[in-house]
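One structure is given here, and the rest of the page talks about it.
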Amino acid sequence: MPGKVNPVMSEMVMQVAAQVMGNDASITWGGASGNFELNLMMPVIAHNLLESIEILATAADAFRAKCVDGIEADRDRARALLERNAIIVTALNPHIGYDNGARIAKESLATGRPIRELVLESGLMTAEALDKALDLKKLTEGGIA
């Protein structure tokens, strides 16, 4: 398919995680098999632990270099999605009431129009009060005041 991008780096990290989980099971079994302060499983424990450390470090570095470095947020797209997310109407409940909030949320979901636009259109809040109540950054920091 032209233009298709495969998520090979994410898949590689999942494969490494699977291997590390297998190594962990082996290490756990090896640790449980020791007798009288002598654990004949010590070589397999050491091998699997060192392998896990190595492949996790390599995977993290490769994932950073080939996938994470250079990623930039599309702020306009994120804001547009947030403005259309019906959950933000919850922050308006103290200002417009539950019933009005439910009506606005349902209309937003049905029409795809932003919550902010619908609240202003309905005359339930002023633009200034709405901006203060829907400070999206502040809403991510916990607590609604």
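Computed from the coordinates by the stated procedures, all read-outs in this text should not be read as laboratory data. Here the structure is a predicted model, which means the values were calculated and not measured. In this analysis, Cβ positions are derived from the backbone assuming ideal geometry, glycine residues included, and neighbour counts consider all displayed protein chains.
Run a plain Debye calculation on the chain (Cα atoms as equal point scatterers, no solvent) and give log10 I(q)/I(0) at q = 0.12 Å⁻¹, rounded to two decimals, same order as the q list. At q = 0.12 Å⁻¹ the computed log10 ratios are -0.73.
Per-residue ellipticity at 222 nm, computed for the chain from helices alone with -39500 (n - 2.57) per DSSP H run of at least four residues, works out to -20000 deg cm²/dmol. For residue 136 and residue 63, the FRET efficiency from 1/(1 + (r/R0)^6), where r spans their Cβ atoms and R0 equals 30 Å, is about 0.55. Multiplying the residue separation of residue 122 and residue 77 by 0.36 nm and subtracting their alpha-carbon distance yields 13.7 nm. Based on the reciprocal of the average 1/r between different C-alpha atoms, the Kirkwood radius for region 75-139 equals 11.6 Å.
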